[in-house]
Amino acid sequence: MKKIYTFIALLLLPAALLNSANAQSGVPEPLVKDVVEDVRGRLEGAIEWGVTKNLSLEAGVEARLKDDIGSLDRIHTFVGATYDIGKYFKVGGDYILINMYDSKERAWESNRHRANINIEGECEVGDFEFSLRERVQATFRTDSVNRYEKSNPEAILRSRFMASYQIPRSRWSPYLLFELHNTLNAPKPVANFKSDKYEVENYITRYRGGVGAKYRINRHNRLDFFYYIDFDRSYNIDYKGNKGDIKGYQLERELRHIFGINYKFKI
């Protein structure tokens, strides 16, 4: 029993040290808000062009819905490229223009620009395929923000594991996936942003699990049906603009059920 208590204490030690450091620096403990649930939807159409045996290009548009699939959230317009390095690895990158929509104000917000760099390893075992993708994602805002409240650009490391199964003599390929989002440059709260040193901290901001199935209509047309469950957690920091003192520090949490359909045309 003593060993169990010691183990639990070691697990809680980092959080205790963080709370102690925040208290000593004059930063209050974050207010933990209730979990908000939402049902969301995604619709995507894309074109993929195999330029060479190893190089392919892709472009498309995705619409995202929120508020129980009752209002528009944003539109993503993207272009990208993928290059196969041998049999087991591939690298790629893409650019996304994000048009955010405020459903309450019924107006478009400032655009955001996103760049992704990917490296992925994959292997086949019989009719199964396993892959691990690491993605460094940077999102640039076009509106003015206090860097002590929001990073610009915001950098995230996304780690995704995926397992799929090719059903013999079938056009269906069901799959499972799990993904973690880890911040790379999240601002660390300070007592006063005008006098305290700017620092960053790292924490897992999203847990995602998903199931789906890809359907090959023919040589050129593909469909992908999926369901994701997202647990999103992020810290919202607010300072007094004139004095610089910390005004609010909250942990916001949201559970999202995401249903989507992707269509791809392969040239």
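The values are calculated or read from the model by the stated rules, or taken from the named source; none is laboratory data. These numbers come from a predicted model, not from an experiment. Methodologically, a virtual Cβ is constructed for each residue, glycine included, from the backbone with ideal geometry; neighbour enumeration extends over all protein chains shown.
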Only one residue in Arg206, Arg222, Arg216 is surrounded by fewer than 17 Cβ atoms within 10 Å (Cβ to Cβ), among the basic types (Lys, Arg) and at pLDDT 95 or above. Which one?
Arg216
Considering only residues that are without any contact (Cβ under 8 Å) to a residue 24 or more places away in the chain, surrounded by 13 or more Cβ atoms within 10 Å (Cβ to Cβ) and either of a type in the set (Gly, Ala, Ser) or over 16 Å from Thr139 (Cβ atoms) (or both), which ones fall in the range 85-114?
Trp108
Report, by residue number, each residue of the range 90-112 that is over 18 Å from Glu58 (Cβ atoms) and either outside any loop (DSSP other than H, G, I, E, B) or not assigned by TED's automatic domain parsing to the domain that holds Gly50 (or both).
Asn99, Met100, Tyr101, Asp102, Ala107, Trp108, Arg112
Which residues, taken from the range 201-255, are more than 23 Å from the chain's Cα centre (by Cα) and of a type in the set (Val, Ile, Thr)?
Ile217, Ile246
Can you work out which of the residues in the range 79-138 that are among the hydroxyl-bearing types (Ser, Thr, Tyr) and under 20 Å from the mean Cα position of the chain (by Cα) is farthest from Gln166 (Cα to Cα)?
Ser110
Odd one out for Asn118, checked against (1) crowded, with 17+ Cβ neighbours inside 10 Å; (2) touching a residue at least 40 places away in the same chain (Cβ under 8 Å); (3) touching a strand residue (DSSP E or B) at 6+ places or on another chain (Cβ under 6 Å):
(2)
